[in-house]
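Read-outs: derived from the displayed coordinates by stated rules, not from any lab. What you see is a predicted model; the values in this text were computed from it and never measured. Here the Cβ positions follow ideal geometry from the backbone for every residue, glycine too, while neighbour counts run over all protein chains shown.
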């Protein structure tokens, strides 16, 4: 019994000691051992899901995840004979491929890892592509596979943008802290997918080796997004903007192209000047860049005036000598000596500050809150709730606020003392083109999984009607006059009409307006049936050209010209084909016999065969024609070119050494030198066409 009691006490004491040690490890030293367990041994780690793709409107890839691989090696796997047989060849191939170490250095590094018992060695931190992986799979030792040759191709997905610099800020990025910009950040909840879990073993050198034991949770791939961007328009928009920025040595610039009816953004470019003088997409000024818009805001002032007063575009206003005082502040027009007495239409077309601000101050000076209410009703006071994060919130001062003074209203009327983003300004002008309906700009149309649409986005209506139809009619005339005869006359063309407004705002620095400018042009085209609207902003241009008409407007025209050239829907419809009048005989006068005979055959006109003739004239014979020799066989005689086209006449006359001068259009009616007379080379012959 004594021995039993002693044994029992010993076992009991041992049990108490075990319980004490468990308590000590679990609770007293728990944090210490938990931290140590994380540093060594096994640990479940997150396996990132493959991100979804970003597409343009025609399915072109804007961003995708490509599989790359990190090359690692388990030196302990290979048998000794196999290892020693192939280590030299493997080291040589590694050295030749990566070029960062000699074959001996690679061999020594692998052997040392093998001797020290390492199970995971990263051979080179440079990521390799799929083709490189395929080639390496046939290298000595590696061709034995993972479990006999020790090779480990650790997959690492990397974001790839096929168009690189094109729309880089719009496509955006996201970092390991889930911070970023652009589509990658704003639509991360769709693109990111769902991460999985995997068991990893920590190896020497703080490297983690995956352990495939069947407990892995596979990640779910991210969804794809389809944007409204047109790659071709994005290219021309960005290249046109970049060229202007270099030409004017500007600080930054942005341009946005939008479809009038749908609100779909077809191109958006933001370029900032770096310290090395090159331009890159660093910040999205179009969406987040709040600035004083300048004269482009005069459109809002004119809408408020037309809505609240019986003013007409032909009414006149006296702007004086171009200098006008509002309380203690002096406002000037850019034209030295002023515009004098001009119509409201001309005041807008030539961007008279004094005219617009005087009208607004006269009609709203005692009721500024009414002017502000008009701005709110137009949709200018609230954000657009654009799909990209970081949209700037409009700032419009209110009467009675600390920053309101007697000069706030007149200066606000011409685009100062308030702030808007270029995108908001574009949406406002787009409303004028869209029969008064302001719609929310849209950049992403669909969320997809393969071909299955998960979610579709439609632009919402910000304001069903920003003003009356009569006001719309008036301001559209004003916007067209800016290009037809006003400050943007330099971008007028004969093919399609542009409507828009130039803007040149002095920049506010430390509370003072400087002689640096924020230039812009915003408008739509074709003016008679608008299909696209566009805003161009160029900040702080250098040199003698510092106005919106000289800096921003030409960029707008380059973009519009490209769209016009490639979009047949914008072109005027072709005239209806002329129907043949059976009573009218076709005009076939003179020229090359083979050409004229081909025409006769096509028009089914009877004509005899005269293959021996080259140049002919014609005479009508009943319902057909007869050929007559034009008598131009001799190169020493003046040919009879009457009735010929200008092309045929030039061919014959210039081949005889004559200098041709002509006037009019059509066929040759008269020639100054008689047919059949002797040719004097270098002499001049005058032709009259009709």
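Structural remarks
- Paramagnetic reach from residue 247 (point 7 Å along Cα→Cβ, amide N under 17 Å) across the stretch 484-525: 488-493, 502-503, 519-522
- Pairwise FRET efficiency - residue 232 versus residue 195, Cβ, R0 = 25 Å, nearest 0.05: 0.10
- When the alpha-carbon atoms of the stretch 45-227 are used, the pair Rg, Dmax equals 19.4, 58 angstrom.
- The alpha carbons of the stretch 590-689 occupy a box of 41, 29, 18 Å along the principal axes, longest dimension given first.
- Computed from label points 7 Å out along Cα-Cβ, the spacing between residue 135 and residue 545 is 4.9 nm.
- Comparing Cα centroids, the stretch 317-376 and the stretch 489-547 end up 20 angstrom apart.
- Each of 489, 341 was scored by other Cβ atoms within 10 Å of its Cβ. Arranged with the fewest first, they read 341, 489.
- Using every pair of separate Cα atoms, the Kirkwood estimate puts the hydrodynamic radius of the chain at 32.8 angstrom.
- Here the residues 125, 529, ranked from fewest to most Cβ neighbours within 10 Å of their Cβ, fall in the order 125, 529.
- If both residues of a DSSP beta bridge must be in the chain, then about 90% of such bridges are antiparallel.
- Global geometry of the stretch 233-570, whether rounded, prolate or oblate, following the gyration tensor of its Cα atoms and the 1.5 cut on a/c: rounded
- 0 to 90° range, to nearest 10: angle between helix 646-655 axis and the chain longest Cα axis: 80
- Computed FRET value (nearest 0.05) for residue 509 with residue 125, which takes r as the C-beta separation and R₀ as 51 Å: 0.65
- Order by protection proxy (mean Cβ within 10 Å, highest first), peptides 379-385, 149-155: 149-155, 379-385
- Projected label distance in nm at residue 88 and residue 367, using a 7 Å step from Cα toward the beta-carbon: 10.0
- Efficiency of FRET from Cβ geometry, residue 31 and residue 2, R₀ 56 Å, rounded to 0.05: 0.80
- Tilt relative to the chain, helix 103-115 - C-alpha long axis, 0 to 90 degrees, to 10: 40
- Taking 470, 455 and counting other C-beta atoms within 10 Å, the order from fewest to most: 470, 455
- Take 347-359, 670-682 and order them by the average number of nearby Cβ atoms within 10 Å per residue, most first; the result is 347-359, 670-682.
- Zone of residue 634's modelled label, taken as backbone nitrogen in the stretch 665-679 under 20 Å from a point 7 Å along Cα→Cβ: 671-679
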